[in-house]
Amino acid sequence: MKKTKGELIQVIVDGLIDGVNEAIDWFNDPYKYNQRLRGYLPQEEWDRLFADNKRRTTLRRLKKKKWIEDRRLGNGVTYSLSQDVLAEYLRNSIKKTTAKIQTGEILVAFDFPEAASRARRDWRRLLKSVGFKQVQLSVWSTVKSVEEQITQLVGVLGIQKWVKVYRGYEI
């Protein structure tokens, strides 16, 4: 059965994200692991996976988005999963979550410096797109059970000095 471009991209990204447990370990102890998740495929396996034109096109698109980087190493290819794909994975994970927390809500408070106004705008758009509601100008909340994912996303984006995640309830 032929796959559409979107399905093919999803299959490749799912394959790359199989190492998500290592990513979570990296989030918990970033100094213990490299900055990137790495994998190795022998050249024959790489050729088998990306033999047809559609797969090569999909691979080029992933490289263009800078989601993966590859490098020849002897007879094989080493690939790196970029931080952007991890951020996209976490964003989609937050967006798809339907489970609600038992009591209270998740609060995200942020205070970006004026020099980072674009980052502040992008962060607000991201929060809105994944289902957060604005409580105050720089405080957003949700009742979804996404505290781990939002904390990891803050770490991946490197904005932990400006963004704080709380769990609380209104009195």
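Residues being touching a residue at least 24 places away in the same chain (Cβ under 8 Å), assigned to a loop (DSSP other than H, G, I, E, B) and more than 19 Å from Val165 (Cβ to Cβ) are represented in the stretch 86-98 by at least one member.
Being crowded, with 18+ Cβ neighbours inside 10 Å and among the charged types (D, E, K, R) is a description that does not apply to Lys128.
For the stretch 64-80, the count of residues that are basic (Lys, Arg) and surrounded by 14 or more Cβ atoms within 10 Å (Cβ to Cβ) is zero.
Within the stretch 101-145, no residue satisfies the criterion of being assigned to a strand (DSSP E or B) and modelled with pLDDT under 90.
The values are calculated or read from the model by the stated rules, or taken from the named source; none is laboratory data. Quick caveat: nothing in here was measured; it's all calculated off a predicted structure. Positions of Cβ are generated from backbone atoms using ideal geometry, with glycine treated the same way; all protein chains shown enter the neighbour counts.
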